[in-house]
Amino acid sequence: EVQLVESGGGLVQPGRSLKLSCAASGFTFSNYGMAWVRQTPTKGLEWVASISTGGGNTYYRDSVKGRFTISRDNAKNTQYLQMDSLRSEDTATYYCARWGNTLFDYWGQGVMVTVSS
Amino acid sequence: DIQMTQSPASLSASLGETVSIECLASEDIYSYLAWYQQKPGKSPQLLIYAANRLQDGVPSRFSGSGSGTQYSLKISGMQPEDEGDYFCLQGSKFPLTFGSGTKLEIK
């Protein structure tokens, strides 16, 4: 059974950093691209970033480019999202998702990130 | 960015009724489209990919169609468990973009 489990969320002040992790199991992690998607009641679902199978190619939405870094460790079956210079508008539930030909076929349960002073 | 205009925003249907949800892309997305269902407090679940391919385990009452810029999701025979929010997603071009969602309720 495919499982994606996010961790690392929480309350953080504006301008500070947070690192999310997503532990994957139930499939050959290194065969799939991975992604982060966030959701808020006002903006809905937003794709944040994607990473290729080997980690050599990364893609970001403009509003997080230069502040967020997606990475993965295929030996640990884990992907990460390093979030720096956080802003209030980054407040959201962040989902880890498996990315392939079917787009996002499996999602984690989500982790809450709140940016507030 | 490709804009995905989803309609309607909300929909109320009787049990057994057939319902349709539409997504209009601002440019051709070459069938790189997926549909998701989301229940309250849960993560989205994939229903349809490549515009018309049913994800494994999804009931056959769900179907997708469309091409170019116009796509639709049809539920043939509304069931109680079909209540929830539905979203489309285009995967043709970065940034990947979602529709704004349709809230489907039982009448």
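Descriptive notes on the structure:
- Residue within the range A:71-91 that is crowded, with 19+ Cβ neighbours inside 10 Å and within 14 Å of another protein chain (Cβ to nearest Cβ) present: no
- Residues in the range A:44-68 that are under 27 Å from B:Gln3 (Cβ atoms) and of a type in the set (S, T, N, Q): A:Ser50, A:Ser52, A:Asn57, A:Thr58, A:Ser63.
- Hey, A:Thr102 surrounded by fewer than 21 Cβ atoms within 10 Å (Cβ to Cβ) and either over 21 Å from B:Trp35 (Cβ atoms) or acidic (Asp, Glu) (or both) or not: no
- Considering residues of the range A:1-24 that are not in a strand (DSSP E or B) and not hydrophobic (A, V, I, L, M, F, W, C) only, the residue nearest to A:Asp105 (Cα to Cα): A:Glu1
- Taken over the range B:65-90, the residue count meeting the criterion of being under 22 Å from B:Asp28 (Cβ atoms) and either modelled with pLDDT under 95 or hydroxyl-bearing (Ser, Thr, Tyr) (or both) is 5.
- Within the range B:28-67, the set of residues being on the phi < 0 side of the Ramachandran plot and touching a residue at least 40 places away in the same chain (Cβ under 8 Å) comprises B:Asp28, B:Ile29, B:Tyr32, B:Leu33, B:Ala34, B:Trp35, B:Tyr36, B:Gln37, B:Gln38, B:Lys39, B:Pro40, B:Pro44.
- Applying the set (1) assigned to a loop (DSSP other than H, G, I, E, B); (2) touching a Lys or Arg at 6+ places or on another chain (Cβ under 7 Å) to A:Gly54 leaves exactly one unmet item: (2).
- The C-beta contact set for the range A:26-41 (first residue among the hydroxyl-bearing types (Ser, Thr, Tyr), second residue assigned to a helix (DSSP H, G or I), distance under 9 angstrom, 6+ apart or interchain) comprises A:Thr40/A:Glu89.
- Matching option when the condition is on the phi > 0 side of the Ramachandran plot and within 13 Å of chain B (Cβ to nearest Cβ), among A:Gly100, A:Gly110, A:Gly66: A:Gly110
- The set of residues in the range A:25-37 being surrounded by fewer than 23 Cβ atoms within 10 Å (Cβ to Cβ) and in a strand (DSSP E or B) consists of A:Ser25, A:Gly33.
- The C-beta contact set for the range A:65-79 (first residue in contact (Cβ under 8 Å) with a residue 12 or more places away in the chain, second residue among the basic types (Lys, Arg), distance under 8 angstrom, 6+ apart or interchain) comprises A:Thr78/A:Arg72; A:Gln79/A:Arg72.
- The residues in the range A:70-113 that are in a strand (DSSP E or B) and acidic (Asp, Glu) can be counted, and the count is 2.
- Screening the range B:1-106 for strands (runs of 3 or more DSSP E) wholly inside it with 3 or more residues that are within 11 Å of chain A (Cβ to nearest Cβ), out of contact with any Gly (no Cβ under 8 Å at 6 or more places or on another chain) and within 29 Å of A:Gln3 (Cβ to Cβ) returns the ranges B:45-49.
The values are calculated or read from the model by the stated rules, or taken from the named source; none is laboratory data. Since this is a predicted model, take the numbers as computed values, not measurements. Backbone-built Cβ (ideal geometry, glycine too); neighbour counts: all protein chains shown.
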